[in-house]
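Just below is one structure, and these are the notes that go with it.
The values are calculated or read from the model by the stated rules, or taken from the named source; none is laboratory data. No experiment lies behind these values; they were computed from the predicted model shown. Quick reminder, even Gly has a Cβ in these numbers, built from the backbone with ideal geometry, and neighbours come from all protein chains shown. Each accessible area value is taken on the protein alone, full model and side chains, heavy atoms only, with ligands, DNA and RNA left out. Shrake-Rupley method; radii C 1.70, N 1.55, O 1.52, S 1.80 Å.
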Amino acid sequence: MVQYLPMRILAIESSCDETAASVVQSSGRYGGDILSNVISSQIEIHAVYGGVVPEVAARSHIEVILSVVERALEEAKSSWAQIDAIAVTKGPGLIGSLMVGVLTARTLAVAKNKPLIGVNHIFAHGFASFLTENKPEFPFLALTVSGGHTALSMYHEDLSREVLGETLDDAAGEAFDKVAKLLGLGYPGGPAIGQAALIGDDKKYKFPVAKLGSESLDFSFSGLKTAVLRQLQELTGTDAVASSRTAQKVNTAKSANANNNNAVITKSYQLDKQTVADISASFQAAAVTALVKNTQKAWLRYQPKSLVIGGGVACNSELRSQLLEIIPTAIFVPPILCTDNAAMIGALALQMARRGFYTKPSQLLADSSLETI
Ligand code: KG4
Ligand code: ZN
């Protein structure tokens, strides 16, 4: 039974390297208003290592999570009495990071006597747009492109999700991050590649778009990343790749669930600014083509009511302009709600609450490879 009662939710997110809390309030049938959206990013801490280090991430979440929650309540001018439920990301993500958020939410739910909702982070990326003016209509197609996931899914009104295609290896954001590392552009790589590409020639280098058959809606980015690597080796006559196990923890952190069977990038190539720009532009063109091609195929094949693009890579301006050209009604989640945040967890939790999808505090467990809602 779906209820449309007004509701205010405190949401918590800690699946990777952002500790976030938000207060959202229902508005209309599916929508929500953001009363606060506090994000404490660990980017600077992990940038030194060129990627997220899981143990460091979990420790940092513990340090800041309660003050982030307090700030979210303060900024929302909300007392505990006004909070109707607590929501938290239960997976997928880094297990140590998830456990900090889940245990915090479980404890607060018991201490404050509030119902608890465990939320799937990937589902939530697709629901962030319900917090904006431009809301999707069910059933909608979502392209979720983040540092850990790349998926094309159909979302239905009963909150079920049908995965139409996903990455067979690296996530799109992970490919941006790895190529940026090869180019010495630092972490996170996506924004840096987008910036460098602005003055680059996207036709200078021919990088491959994986061909997985006309029926397939899956993605593969590891061949593209390897092609960039080979090009760099050819240009410089050197090798920046090692397969040492010690380096692995840095590079695989963001993709706890991805198959990470590739060589590990341990250092960068020395290149002039224009070559970095041309490689960035040519790589970005191939990555964006792969995303746009499958999204268009799914759009035509399944004829959904709306298309939503969310996750960190949705901030990429080339992806935005190419998709809007072929699907002008495409809804891009605004940048602040694209990268990890707790408001999107609240957006999905509002809809789960209306359907009574609560979990007992003692039964809510973090699940690093969660596949269900
Ligand atoms: O959604 P998100 O914050 O984290 C995960 O849930 O994984 O996404 C972060 C990812 C990183 O890989 C980052 O490089 C990428 O999103 N990203 C971008 C851009 N901004 C962030 N990729 C391409 N272009 C951008 N402008
Ligand atoms: Zn995410």
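Residue count for segment 150-169 satisfying the condition of being of a type in the set (D, E, K, R), closer than 21 Å to Arg230 by Cβ and within 15 Å of ligand 2 (Cβ to nearest atom): 0.
Of the set (1) within 16 Å of ligand 2 (Cβ to nearest atom); (2) surrounded by fewer than 21 Cβ atoms within 10 Å (Cβ to Cβ), all apply to Gly173 but (2). None of Leu108, Leu185 is assigned to a loop (DSSP other than H, G, I, E, B), away from ligand 2 (no atom under 15 Å from the Cβ) and either modelled with pLDDT under 95 or buried (at least 18 other Cβ atoms within 10 Å of the Cβ) (or both) except Leu185.
Could you tell me whether any residue of segment 301-314 is within 24 Å of Glu157 (Cβ to Cβ), touching a Leu at 6+ places or on another chain (Cβ under 7 Å), within 14 Å of ligand 2 (Cβ to nearest atom) and in a helix (DSSP H, G or I)? No, there is no match, as no residue in segment 301-314 is within 24 Å of Glu157 (Cβ to Cβ), touching a Leu at 6+ places or on another chain (Cβ under 7 Å), within 14 Å of ligand 2 (Cβ to nearest atom) and in a helix (DSSP H, G or I). For segment 296-314, a residue qualifies if it is surrounded by 21 or more Cβ atoms within 10 Å (Cβ to Cβ) and either under 20 Å from Gly190 (Cα atoms) or in contact with an Asp or Glu (Cβ under 8 Å, 6 or more places away or on another chain) (or both), and the qualifying residues are Val308, Ile309, Gly310, Gly311, Gly312, Val313, Ala314.
Annotation: of all residues in segment 129-150 being part of a strand (DSSP E or B) and crowded, with 24+ Cβ neighbours inside 10 Å, the one that is farthest from ligand 1 (Cβ to nearest atom) is Leu141.
Between Leu159, Leu224, which is open to solvent by less than 30 Å² (accessible area, probe 1.4 Å), aliphatic (A, V, I, L, M), in a loop (DSSP other than H, G, I, E, B) and in contact (Cβ under 8 Å) with a residue 24 or more places away in the chain? Break it down stepwise before answering.
Numbers: Leu224 fails: in a loop (DSSP other than H, G, I, E, B).
Matching residue, one of Leu159, Leu224: Leu159.
Does Ser36 fit the bill of being away from ligand 1 (no atom under 16 Å from the Cβ), touching a helix residue (DSSP H, G or I) at 6+ places or on another chain (Cβ under 8 Å), of a type in the set (S, T, N, Q) and over 15 Å from Ala366 (Cα atoms)? For Ser36, the condition - away from ligand 1 (no atom under 16 Å from the Cβ), touching a helix residue (DSSP H, G or I) at 6+ places or on another chain (Cβ under 8 Å), of a type in the set (S, T, N, Q) and over 15 Å from Ala366 (Cα atoms) - is met. When Ser317, Ser368 are checked against the criterion of being farther than 30 Å from Glu70 by Cα, within 22 Å of the chain's Cα centre (by Cα) and surrounded by fewer than 21 Cβ atoms within 10 Å (Cβ to Cβ), a single residue qualifies: Ser317.
From the list Asp278, Asp272, the lone residue that is touching a Gly at 6+ places or on another chain (Cβ under 7 Å), over 22 Å from Asn134 (Cβ atoms) and away from ligand 1 (no atom under 13 Å from the Cβ) is Asp278. Name the single residue, out of those in segment 78-94 being open to solvent by 10 Å² or more (accessible area, probe 1.4 Å) and modelled with pLDDT of 95 or more, that is farthest from the chain's Cα centre (by Cα). The qualifying residue farthest from the chain's Cα centre (by Cα) is Ala81. Residue count for segment 317-356 under the criterion of being on the phi > 0 side of the Ramachandran plot and in contact with a Cys (Cβ under 6 Å, 6 or more places away or on another chain): the result is 0. Return the residue satisfying two criteria in turn: it lies in segment 30-77 and is assigned to a loop (DSSP other than H, G, I, E, B) and closer than 25 Å to Lys135 by Cα, and of such residues it is most open to solvent (accessible area, probe 1.4 Å). Checking each candidate, the answer is Tyr30.
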